[in-house]
Amino acid sequence: MRLFRDCRDDVFDSLMQAAFLQRFPRGVELIRESEPADMLHIIVEGLVQMFASHGGRETTIGFVRPLGTFILAAVLRDQVYLQSARTLERSRVLMIPAERVRSAMAADSGFMSAIVGELAMGYRNTVKELKNQKLRSGPERLANWILRAQRFQGKSDRVAIEMEKRVLAARLGMTPENLSRAFNVLKAYGITVQGAEIRVDSRDRLAAYAKINPLIDDFTT
């Protein structure tokens, strides 16, 4: 994993000795916003939803897949979590005590450099997501999500929707009703929805509509 690639052997051993690997079923809340950040979580297997709540409303912030981490900034600053996390499918999660992570960072410049890189990448991803939300229409955001999921899943003409559609809608900054309308818009670009599966008849037509931009997206055609 990139975070530990340049870590000294003794520092890595210290982190792993304090860590524990645990399996969780679908629907388990792993952390809750406003609680102290006592662990660094690393997704080894499965899918985790990052979400937040306010005034009786809930929204999806993002998804974490292997080998992603959360929430590094809160761990390093010894502050509360700003997001909650729950499993969307059966998952294995490696948890390292926050204090051990901070000690390792102070002791090992290689580990510190990797942490800085991880935080920098997270910042850039946040800026890209803000641009995606503010500069694109709902159907354009959905089109780009389909293209990204298609690449990740490695299928030529199918995309599995791995979460409830209301969760996907929240992730894309829409209501469930607007998500349905966005799917209808994309029918003209070769998209067909069959339950929890999307059929992509022409990636080229969909990509032309999505207007993939390397300054917003983490993939290209």
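Some values worked out for this structure:
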| quantity | calculated |
| --- | --- |
| Residues within the stretch 138-164 that are surrounded by 12 or more Cβ atoms within 10 Å (Cβ to Cβ), over 16 Å from the mean Cα position of the chain (by Cα) and either assigned to a helix (DSSP H, G or I) or among the polar types (S, T, N, Q) (or both), tallied | 4 |
| Those residues of the stretch 14-26 which are open to solvent by 80 Å² or more (accessible area, probe 1.4 Å) and part of a helix (DSSP H, G or I), in sequence order | Q17 |
| Selected residue (criterion: least open to solvent (accessible area, probe 1.4 Å)) from residues of the stretch 189-221 that are in a loop (DSSP other than H, G, I, E, B) and among the hydroxyl-bearing types (S, T, Y) | S202 |
| Within the stretch 42-55, considering residues that are crowded, with 21+ Cβ neighbours inside 10 Å and touching a helix residue (DSSP H, G or I) at 6+ places or on another chain (Cβ under 9 Å), the one nearest to E99 (Cα to Cα) | I42 |
| Of the criteria (1) β-branched (V, I, T); (2) open to solvent by 60 Å² or more (accessible area, probe 1.4 Å); (3) in contact (Cβ under 8 Å) with a residue 24 or more places away in the chain, which one T126 fails | (3) |
| For M121: the one exception among (1) open to solvent by 70 Å² or more (accessible area, probe 1.4 Å); (2) closer than 27 Å to R181 by Cα | (2) |
| Which listed residue, of L186, L179, is assigned to a helix (DSSP H, G or I) and either closer than 22 Å to M50 by Cβ or among the hydroxyl-bearing types (S, T, Y) (or both) | L179 |
| Qualifying residue in the stretch 56-63 (condition: under 21 Å from M163 (Cβ atoms), open to solvent by 20 Å² or more (accessible area, probe 1.4 Å), basic (K, R) and modelled with pLDDT of 95 or more) | no |
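The values are calculated or read from the model by the stated rules, or taken from the named source; none is laboratory data. Keep in mind it's a predicted model, so treat the numbers as computed, not measured. Note: ideal-geometry Cβ built from the backbone for every residue, glycine included; neighbour counts use all protein chains shown. Ligands, DNA and RNA are excluded from the accessible area calculation, which covers all protein heavy atoms including side chains. Shrake-Rupley method; radii C 1.70, N 1.55, O 1.52, S 1.80 Å.
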